[in-house]
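Q: Have a look at this one before I ask anything.
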């Protein structure tokens with residue numbers, strides 16, 4: 001196998017983990033807090049998200065094999081099933097250690113929910129919307145603790161940030177089912193295509209509203225908001241026309257979450273020039 | 001008349017709501033000076049808990065009629081919905097007197113609790129315990145009113161979340177027979193009764209270590225009651241173990257009031 005292919009597959013596994021990092025990055029852009037604590041929390045959230053993905057690959061091995069998803073590390077024959085489980089536990093350990101180092105114990109709740117999402121005894125995944133809600137509750141609690149850790153009093157901005165994270169994460173989990181039509185459990189089949197699309201659009205609108213509320217602080221964030229909204233709109237349109245596939249979906253999601261980084265590049269360019 | 005009041009109190013789950021409101025009151029005592037707001041915090045959080053438990057009564061109507069063989073008469077008529085809205089209104093008014101921050105936190109708490117019954121999360125293994133424990137955090141935060149947070153208070157809130165999680169595992173031990181008969185996936189049913197006992201031993205002893213790390217002087221009553229709970233679980237008396245945990249919270253409350261005077 002070519003190294004480029006291998007790197008491509010690893011990149012595919014990692015890219016979804018930029019979601020929580022991006023949330024935290026938005027937080028530090030807002031509050032101008034760039035301390036080592038935030039970086040450790042970012043590292044922790046990044047590792048926990050990768051842990052969730054790898055552990056999910058381990059538990060869903062049969063389902064992926066049946067659907068012939070060769071874009072996964074396990075199905076394409078690079079790793080064995082138990083290897084990816086062991087790797088996932090290494091990431092879990094790194095994540096938890098970095099949470100402990102940064103005194104961010106609420107991260108353990110997030111890690112537990114990530115594990116419960118695909119563990120066969122609990123398997124939040126099979127309850128669709130309800131399960132996604134339970135997983136996303138960790139993003140109700142995390143922003144409060146982030147705020148309080150750095151001595152920020154409760155304000156409307158923290159409140160908006162909190163609900164933006166929650167609804168954005170819910171949206172992310174719900175739209176994911178639009179391309180996996182052959183899975184054991186699927187929101188878009190269980191509730192019907194139009195109803196599931198309605199749920200996704202509602203969540204997208206709610207998250208956009210809260211993001212707009214956050215953007216009242218800085219004019220630059222309105223650009224990020226507009227780009228985020230445009231991509232969500234385009235994404236929903238594609239789902240409505242049923243022209244969506246796995247690759248397009250992941251690229252759109254990545255673009256939604258690369259926005260703050262683009263913003264920060266512009267910000268620093270303006271600051272330095 | 002007396003029967004009506006009794007019905008009302010059982011619909012509100014008076015004792016459970018009262019013990020739920022103690023969490024917010026504890027947060028208040030740990031952060032603020034003792035004054036008249038004590039009663040407002042208590043009433044506001046009490047009504048917030050009653051909203052959740054009375055809604056839970058409505059959704060679990062069928063199961064309660066099988067398990068307890070008696071249903072509350074209030075759950076049968078439309079009056080119950082009116083009551084829930086009344087409780088919600090009262091709790092929001094009391095919290096609004098304190099501060100808007102307390103009100104927003106109690107709204108989040110009520111939303112989490114109502115969705116717990118609406119989505120029927122009690123069927124999920126482990127999620128039930130951990131969700132109830134960590135769902136109490138907004139309630140705890142609402143009790144702090146307007147005090148800025150520091151690292152110690154964050155640790156306190158997480159400590160009480162884990163405390164309630166362990167308490168719900170003990171109550172699962174208590175309801176072991178009923179849950180097994182009706183095929184509920186609780187910890188004692190899934191992992192076995194003896195393993196669940198081991199889990200509670202280890203978690204209670206871990207909690208007592210956390211108390212040593214946090215603040216022994218302020219949480220002294222809890223650490224006295226912990227060996228007693230372990231003893232009751234060891235002798236297969238989970239009902240008494242659960243009761244002793246509840247009593248320890250009440251004694252902690254009285255202790256903190258004396259401490260702050």
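Q: Using the 10 angstrom Cβ neighbour count as an exposure proxy, how do B:1, B:18, A:113 rank, fewest first?
A: Result, fewest neighbours first: B:1, B:18, A:113.
Q: What's the ranking of B:36-47, A:81-92 by average number of surrounding C-beta atoms within 10 Å, highest first? Write down the numbers at each step before the final one.
A: Details: B:36-47: 19.5, A:81-92: 16.1.
Those peptides, ordered most packed to least, come out B:36-47, A:81-92.
Q: Cα axis of helix A:3-14 to longest principal axis of chain A: angle in degrees, 0 to 90, nearest 10?
A: 60 degrees
Q: Same structure again: Based on the alpha carbons, how large is the Rg to Rh ratio for the stretch B:2-260 when Rh follows Kirkwood?
A: Radius of gyration relative to Kirkwood radius: 0.96.
Q: Specify the angular offset, from 0 to 90 degrees and rounded to the nearest 10, of the alpha carbon long axis of helix A:138-149 from the longest principal axis of the alpha carbons in chain A.
A: 30 degrees
Q: For the protein assembly as shown, what does the helix formula give at 222 nm: sum of -39500 (n - 2.57) over DSSP H segments with n ≥ 4, over the residue count, nearest 500 deg cm²/dmol?
A: -25500 deg cm²/dmol
Q: Report, as an integer, the average count of C-beta atoms from other chains found within 10 Å of each Cβ along B:146-158. Working shown, then result.
A: On the way: counts 2, 1, 5, 10, 3, 4, 0, 1, 8, 2, 0, 6, 6.
The shielding value for this peptide is 4.
Q: What is the average number of partner chain Cβ atoms found within 10 Å of a Cβ in A:122-133?
A: 3
Q: Only Cα pairs under 8 Å and at least 6 apart count here; give the relative contact order of the stretch B:112-223 as a rounded whole percent.
A: Dividing the mean separation by the residue count of the stretch B:112-223 yields 27 percent.
Q: Sticking with this one: Given an 8 Å cut-off on Cα distances and at least 6 residues of separation, report the relative contact order of chain B as a percent. List each step's numbers first, then the result.
A: Details: 298 pairs, mean separation 51.8, N = 261.
Relative contact order for chain B comes out at 20 percent.
Q: Report, in degrees rounded to the nearest 10, the 0 to 90 angle that the Cα long axis of helix A:246-272 makes with the longest principal axis of chain A.
A: 20 degrees
Q: Shifting gears a bit: Calculate the all-directions average of the projected area of chain A's alpha-carbon convex hull, and give it in nm².
A: Convex hull of Cα atoms, orientation-averaged projection: 14.9 nm².
Q: Can I ask one more? For the protein assembly as shown, what does the alpha-carbon gyration tensor say about shape, rounded, prolate or oblate, given a ≥ b ≥ c as the root eigenvalues, a/c under 1.5 as rounded, and a/b over b/c as prolate?
A: Taking the square roots of the gyration eigenvalues as a ≥ b ≥ c, the protein assembly as shown is prolate.
Q: Would you list B:179, A:177 from fewest to most Cβ contacts within 10 Å? Please report the intermediate quantities before stating the final value.
A: Values: B:179 19, A:177 22.
Result, fewest neighbours first: B:179, A:177.
Q: Only Cα pairs under 8 Å and at least 6 apart count here; give the relative contact order of chain A as a rounded whole percent.
A: 17 percent
Q: Then there's this: Taking the Cβ of each residue in B:64, A:64, B:150 as the centre, tally the other Cβ atoms inside 10 Å and list the residues starting with the fewest.
A: Arranged by neighbour count, lowest to highest, B:64, A:64, B:150 become B:150, B:64, A:64.
Q: Let me ask something additional. Give the shape of the stretch A:66-145 as rounded, prolate or oblate, defined through the alpha-carbon gyration tensor: a ≥ b ≥ c are the square roots of its eigenvalues, a/c under 1.5 means rounded, and otherwise the shape is prolate if a/b is larger than b/c and oblate if not.
A: It is oblate, given that a/c is not under 1.5 and a/b is not larger than b/c.
Q: Provide the FRET efficiency to the nearest 0.05 for the residue B:212-residue A:273 pair, computing r from the beta carbons and using R0 = 51 Å.
A: After rounding to 0.05, the efficiency reads 0.40.
Q: Okay, next question. Counting only other chains, and only Cβ atoms inside 10 Å, what mean value do you get across the residues of B:104-112? Write down the numbers at each step before the final one.
A: Values: counts 4, 2, 0, 0, 6, 0, 0, 1, 4.
For this peptide, the per-residue mean of nearby foreign Cβ atoms is 2.
Q: Pull out a ≥ b ≥ c, the square roots of the eigenvalues of the alpha-carbon gyration tensor of the stretch A:37-194, then state rounded if a/c is under 1.5, prolate if not and a/b is larger than b/c, and oblate in the remaining case.
A: Working: a/c = 2.64, a/b = 1.39, b/c = 1.90.
Because a/c hits 1.5 or more and a/b fails to exceed b/c, the stretch A:37-194 counts as oblate.
Any read-out appearing in this document is the output of simple, stated calculations on the displayed coordinates, not a laboratory observation. This one's a predicted model, so the numbers in the text were calculated from it and none came from an experiment. Every residue, glycine among them, receives a Cβ derived from its backbone with ideal geometry; neighbour counts consider all protein chains shown.
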